[in-house]
Amino acid sequence: MTSFDLPPPNLSEPEIQALLIAHYGISGQVTMLASERDQNARVDTSTGSFVLKIAHCAEDENFLDLQNSALSHLEAVGLDGIPRVIPTLAGRAMALAEWGGHVSWVRLLSYVDGQLLSGSSRTLAQLEALGRYLGNVSKGLSSFGHPGAHRQGFMWSLDEAGACERFAEDIADNAHRAMVVGLFAHYRLHVAPRVWSLRKSVLHQDANDNNVVVDAKGGIVGLIDFGDMCFGSQINELAIAMAYGVLDAPDPLAAIRTIVAGYAAEFAITEDEAELVFDLMRMRLVMSVCISSHQHKRFPENDYLLISQAPAFSLLERLDRLDPSMVQAVCRKAAGFDATRNFRAVVSHLKTTRISALVRPDLRDRPRLLVGCHGAAGQAADPNFDGLPAWLEELRSEESELFAIRPHSETRIADGANADIEPSPPLGMDLYLPAGTQLYSPLSGTVHCCTDGDDKDDDFTVVLRHQTPLGVPFYSVFSNLGTLAPSLEIGKLVQAGDPIGFTGALKRQDGRARHLRLQVRTDHPACARAIDQGQLAAKDVWSQISPDPNLLLRLAPETFEVDPHPPEAVLAKRSERIGPSLSVSYQRKLKIVRGEGAYLFDHTGRRYLDCVNNITHVGHCNPRVVEAQCRQAERLNTNSRYLHDLMPRLADRLVSHLPSPLSVVYFTNSGTEANELALRIARTALNQKDTIVLDWAYHGNSGGMVEISPYKFKRKGGHGQPDFVQIAEFPDPYRGRIKAHGRQAGRDYAQDITRCLNAIKARTGQRSATFIAESVSGVGGQVFLPQAYLQTVYELIRADGGIVIADEVQCGFGRLGNAFWGFELQGVVPDIVVLGKPIGNGHPIGAVVTTPELAGKFANGMEYFNSFGGNPVSMAVGLAVLDEIEARNLQSEALATGSHLLAAFKELKERFALIGDVRGSGLFLGIELVRERQTLEPATSEASAIVNHMRDNGVLISTDGPHDNVLKIKPPMVFARAEADRLVSALGAAFAAIGQAS
Ligand code: PMP
């Protein structure tokens, strides 16, 4: 016999008063309370308020003992707001009462003061508190057990939800019944199999709003009615509270999130629990409507049974409209997990895996227009702007490779007609590309689905399935395509770089600009839901379901920002504040804001291939160097007056790369300073200032260096040749007097040194002098000296006691590929070597290395002190640069890439008459441009046009040489084959364009 077969207890007030006196010795005012199964009466006495609970006559004593024990346990663990059990006069927890021929157990509980939650309208703060309260109930019951909790076949056990499926047919309304049947099917397939692995404990199991007590301010203060207790999955406690707490919430998703977060804050929940709690919440509502429909069919007169049906159905309908994977993600997030299980693994995989370009040329190398509502007016286009297609076409007529982009998570502008709709950011990234642009898969994968769009523009969607090396699946979604690649079939393999389709016409039928929408999904996207928009409030959730698709494009962060200080503004400011003698490269000035490896990025995130920066030898922002620099800067940076390990360590490392007897090192802050010091050492040792330099040489920007740099003193603004400087003939095998590279040419050119020495003798009476030269001429136009030149010169200088200095500022540290130092190419060992630029990879360092003999002579009593030279941060950087050169074999890499480039340049020379000479070694390369190969008339303006054309094309080179007609190519040494090929194709395009123009 069950409680459904017998009527509930129905004692009169005098019978209740008699019970109270007999068993508890109290009397007071009795008020009947509504109840479905038992009879409950409130008793107000002068000493307090109580609830007399007369159990259904079919109630099991063991079950009532469970309730009493649970209440005592919760009281003992300190949970406030629950009824306390009042003992009978006989000291028992319960008494027996007879009524109408039946016998019932009677209990007296303390009255929990307050109102019921059902009587107040719910706020999010209240739901959070409710979650917390239930979390504490779960925490308290975790340490409680009772045999009475194991109630076989208890209808209200949420773990037994499937048992109610047979009642679904009692639901009168067809649509309601169909919905419930669908939910049972889902439960059977996706929920029930997982329920058995959830954590179990004794549960209250009925935190509905008639059992939750609130105070006058609406704060959650208590929980009553422990009559549905049973053993089951702990998360059911939360699921049941959610079913009722969310009933009339205006935003169910926000309500669910809040209550879950409150619960999890007090009682940590597992990933499985977080994923199932929404389905369990719905099942509680389903059980409620099934049981009440069934009961109502049996007891049609009991309207209480139907009280909760209408709001329950209405909530079920509202929940049905939510995307279940979104709700699941919200619950996961609220419980402190990532929104999806795969999010972390997918993102870390996408950050490191190789990606193929979605379109060609790669978007990273192209100018962009930002679409969106954030940013300064005029710099970002409104996505709802009808004129966008026409505007893009117009912009493209000037910059053919321009594309427009609307970033992930960019908030939609509420346009006039839809102003009341909540702004909903797209879950993807929108790209506006010319019609017919071919699209390629960035990753390998399989075709998950491809569909026709449902709008009148008849667009297509492709969803590709990928997986991480550990088998974690994820998806890339491409929507709004104009055409699909014919090879796409569901389940078919797609390699990275395989075509997937083409973009459609830029202008849609509604006049707006068509965009390609790109999306990454870390959950399993149903095709129909492939395109979606996120709710603003749940951004942290959907941005993990659908993380930034820039993971597939790798555009620089600046692509998605509007720079408040564009180049024109900086240029204006610079003209105001910075001296005009400092020039800025290129006709269209570049504002560079970021560097990485061989690339520089401008303020719009556009990537430029840097083919000219020989300072950042081991790559822009080289991680090893940056790390070393930061680590040392964090610990100490000071002058060289104290002992520090790093200075002798770097000196040691440098010396290990140099031939004997070059073994004594001085550190400076720049190449200029190092040349100054080198000359000071030589002049001190010789006690004579006279210096011989090569024509067109450049050795630095100080007054002293300008005095020995014909490239400066002979040209515009120069003060001419000082009397202590002799200019030796520039041994240029291409443009010079002797057009040859061999030993004889070298020896012949060297004879001019004798003339210089004679001139010095005539002036000073002595022939000893300092000779300084770059081992390969940089500023002179990437000129490689003819063989035997330095050997002959050194012999001539040393014959008269002179000193020879090699300026290795540009050509040192392995750039030449076949030698670590330029002087090695000439088979000589200088007396002093000057190091700069690459030694610090952009950090200001210079060094002078000389022989112990010269160092001894230099120590003549005058101190050499340099405030910053040799500081620990610089030393740490210098060491990291050497580590990087050695660890990555950058010298031999430079040789290989340089040889490849040289061969390609030779091919260009065959094609373009403008190229007079190509030369170089490793990554020290030059292309000399001439109008006529016979006369060698320098093609200066053409060289400038080439450089600017390439800049516009995203490749940075510059010119050198006395006539500025030599294209110089000295990229960071991390310049690889792919970069080399890009340089060659940009050069080809530039020559083709300039050739046609001239
Ligand atoms: N020597 C040579 C050969 C150089 O090319 C330069 C700089 N272009 C310098 C010295 C001066 O170096 P810094 O500008 O670092 O002082």
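Derivation of every value follows stated rules applied to the coordinates shown; laboratory data play no part. Given the structure is predicted, the values throughout are model-derived calculations rather than measurements. Glycine gets a Cβ as well: all are built from the backbone with ideal geometry, and neighbour counts include every protein chain shown.
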Problem set entry | Fraction of antiparallel bridges per DSSP, the chain only, in percent to nearest 5 | 80 percent
Seminar exercise, completed: For segment 1-142 (alpha-carbon point model, no solvent) the Debye-based log₁₀ I(q)/I(0) at q = 0.09, 0.16, 0.21, 0.22 Å⁻¹ works out to -0.31, -0.95, -1.36, -1.41
Problem set entry | Stretchable slack from N701 to K714, in nm (0.36 nm times residue separation minus alpha-carbon distance) | 3.2 nm
Problem set entry | Linear extension gain, E907 paired with S985, 0.36 nm per residue minus alpha-carbon span | 26.9 nm
Exercise. Tell me, what is the FRET efficiency for T638 and V584 to the nearest 0.05, using R0 = 35 angstrom and their Cβ-Cβ distance as r?
Worked result: 0.50
Exercise. Just the Cα atoms of segment 143-227, one point each, no solvent: what log10 I(q)/I(0) does Debye give at q = 0.13 Å⁻¹?
Worked result: -0.64
Exercise. Cα axis of helix 940-952 to longest principal axis of the chain: angle in degrees, 0 to 90, nearest 10?
Worked result: 10 degrees
For this session: Subtract the Cα-Cα distance of H565 and A740 from 0.36 nm times their separation in residues, and report this length gain in nm to one decimal.
Result: 57.9 nm
Seminar exercise, completed: Note: the chain, point scatterers on Cα, Debye, no solvent; log10 I/I(0) at q = 0.06, 0.08 Å⁻¹ equals -0.66, -0.89
Seminar exercise, completed: Compactness check, segment 693-786: C-alpha Rg relative to the 2.2 N^0.38 Å globular estimate gives 1.09
Problem set entry | Once the Cα gyration tensor of segment 224-294 is diagonalised, semi-axes √(5λ) in Å | 20, 16, 12
For this session: Using only the Cα atoms of segment 492-621, build the gyration tensor, take square roots of its eigenvalues as a ≥ b ≥ c, and label the shape rounded, prolate or oblate: rounded if a/c is under 1.5, else prolate if a/b is larger than b/c, else oblate.
Result: prolate
Exercise. Is segment 236-372 best put as rounded, prolate or oblate by its Cα gyration tensor, with a ≥ b ≥ c the root eigenvalues, rounded for a/c under 1.5, and otherwise prolate when a/b is larger than b/c, oblate when not?
Worked result: prolate
Problem set entry | Residues of type lysines that K507 reaches as a straight line, Cα spacing below 25 Å, ignoring anything fewer than 8 places off in the same chain | K456
Seminar exercise, completed: Each label sits 7 Å from Cα toward the beta-carbon; between A163 and S941 the label points are separated, in nm, by 9.6 nm
Problem set entry | Pairwise FRET efficiency - S892 versus R194, Cβ, R0 = 60 Å, nearest 0.05 | 0.55
For this session: Output the Cα-based Rg and Dmax of segment 850-998 in Å, rounding Rg to one decimal and Dmax to a whole number.
Result: 20.4, 65
Problem set entry | Of the GluC sites (Glu not before Pro) in segment 251-305, those whose Cβ has at most 14 other Cβ within 10 Å and which sit in DSSP loop | E301
Exercise. Among K139/K200; K906/K968; K589/K909; K909/K968, which pairs are too far apart, with a Cα-Cα distance over 20 Å?
Worked result: K589/K909
Problem set entry | A125-A22 pseudo-label distance in nm [points 7 Å out on the Cα-to-Cβ vector] | 4.9 nm
Seminar exercise, completed: Here FRET efficiency (C-beta to C-beta, N758 to R933, R₀ 35 Å, nearest 0.05) is 0.45
For this session: For segment 676-720, go through all pairs of different Cα atoms, get the mean of 1/r, take its inverse, and jot down that Kirkwood value in Å.
Result: 10.9 Å
Problem set entry | For peptides 603-613, 760-770, sequence by mean Cβ density within 10 Å, most packed first | 603-613, 760-770
For this session: Provide I86, I797 in ascending order of the number of other Cβ atoms located within 10 Å of each residue's Cβ, fewest first.
Result: I86, I797
Seminar exercise, completed: All alpha-carbon distances of segment 179-270, grouped into 5 Å bins from 0, give the whole-percent distribution 3, 12, 16, 23, 25, 14, 5, 2, 1
Problem set entry | Peptide ranges 107-114, 309-316, 284-291, 67-74 listed from the most packed, as the mean C-beta count within 10 angstrom indicates | 284-291, 67-74, 107-114, 309-316
Exercise. Hey, rough spin-label estimate for R84 and A268, points 7 angstrom out along Cα→Cβ, what's it come to in nanometres?
Worked result: 3.4 nm
Problem set entry | Principal axis box of segment 81-183, alpha-carbon based, largest edge first, Å | 55, 45, 31
